[in-house]
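Participant: This structure is in structure tokens; I'll ask about it shortly.
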Amino acid sequence: MTERKPPGVSFESFVDRQIREAEARGDFEDLPGWGKPMASLDAPYDELWWIKGKMHREGFSSLPPALALRKEAEDALEAARAARSERQVRAVLTAVNEKIAAALRMPPPGPPLNLTEFDVEAVLTEWRAARPS
């Protein structure tokens, strides 16, 4: 603050007084994440942490749409391999196959897509072989 402290006011700063009053009202109780360790304490410092967090919360991607779909396809294949049932494998692959088919009909801007739809039956055969009988 650039203004001087008015006469008759204690040395407690305006901000300190506001914080104290908010604590007395209970404004700091039940905040999200209370009592949990901060997730980023062990992570290396990143100057753009808040921008990346905001983009993640808002559902934005820093990747071009074609690369984001490639990444989503990779993640879907991993999720299908880790699925607990054939139904889950089919659901994951069907969902990503729909997105791939839409992107093949109307290619997104950016680099080439270089994707084809997953063969659900072939992935299921691999999945069954990897499962203990």
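The values are calculated or read from the model by the stated rules, or taken from the named source; none is laboratory data. A quick note: this is a predicted structure, and the numbers were derived from the prediction, not measured. Every residue, glycine among them, receives a Cβ derived from its backbone with ideal geometry; neighbour counts consider all protein chains shown. With ligands, DNA and RNA removed, areas are computed over all heavy atoms of the protein, side chains included. Shrake-Rupley method; radii C 1.70, N 1.55, O 1.52, S 1.80 Å.
Participant: Any chance you could count how many residues in segment 17-65 are of a type in the set (Asp, Glu) and closer than 30 Å to PRO107 by Cβ?
Facilitator: Counting residues in segment 17-65 that are of a type in the set (Asp, Glu) and closer than 30 Å to PRO107 by Cβ gives 1.
Participant: Mind telling me which of the residues ALA79, ALA73 ends up being of a type in the set (Gly, Ala, Ser) and over 22 Å from PRO132 (Cβ atoms)?
Facilitator: ALA73
Participant: Something else now. How about segment 91-133: which of its residues are open to solvent by 50 Å² or more (accessible area, probe 1.4 Å), part of a helix (DSSP H, G or I) and polar (S, T, N, Q)?
Facilitator: Within segment 91-133, THR94, THR125 meet the criteria.
Participant: I would also like to ask the following. Can you pull out the residues in segment 1-34 that are open to solvent by less than 100 Å² (accessible area, probe 1.4 Å), modelled with pLDDT of 80 or more and not aliphatic (A, V, I, L, M)?
Facilitator: The answer is ASP16, GLU21, GLY26, ASP27, PHE28, GLY33.
Participant: Here is a further query. Where the second residue is modelled with pLDDT under 80 and the first is within 16 Å of SER62 (Cα to Cα) and lies in segment 30-52, which pairs have Cβ atoms under 9 Å and are six or more apart or on separate chains?
Facilitator: These pairs meet every condition: ASP46/SER40; TRP49/SER40; TRP49/ALA43; LYS52/SER62.
Participant: Among the numbered criteria (1) open to solvent by less than 100 Å² (accessible area, probe 1.4 Å); (2) acidic (Asp, Glu); (3) not in a helix (DSSP H, G or I), which single criterion is violated by GLU47?
Facilitator: Only one criterion is unmet by GLU47, namely (1).
Participant: When you check ARG84 against the structure, is it over 30 Å from LYS52 (Cα atoms) and not in a helix (DSSP H, G or I), yes or no?
Facilitator: When the stated conditions are applied, ARG84 passes them.
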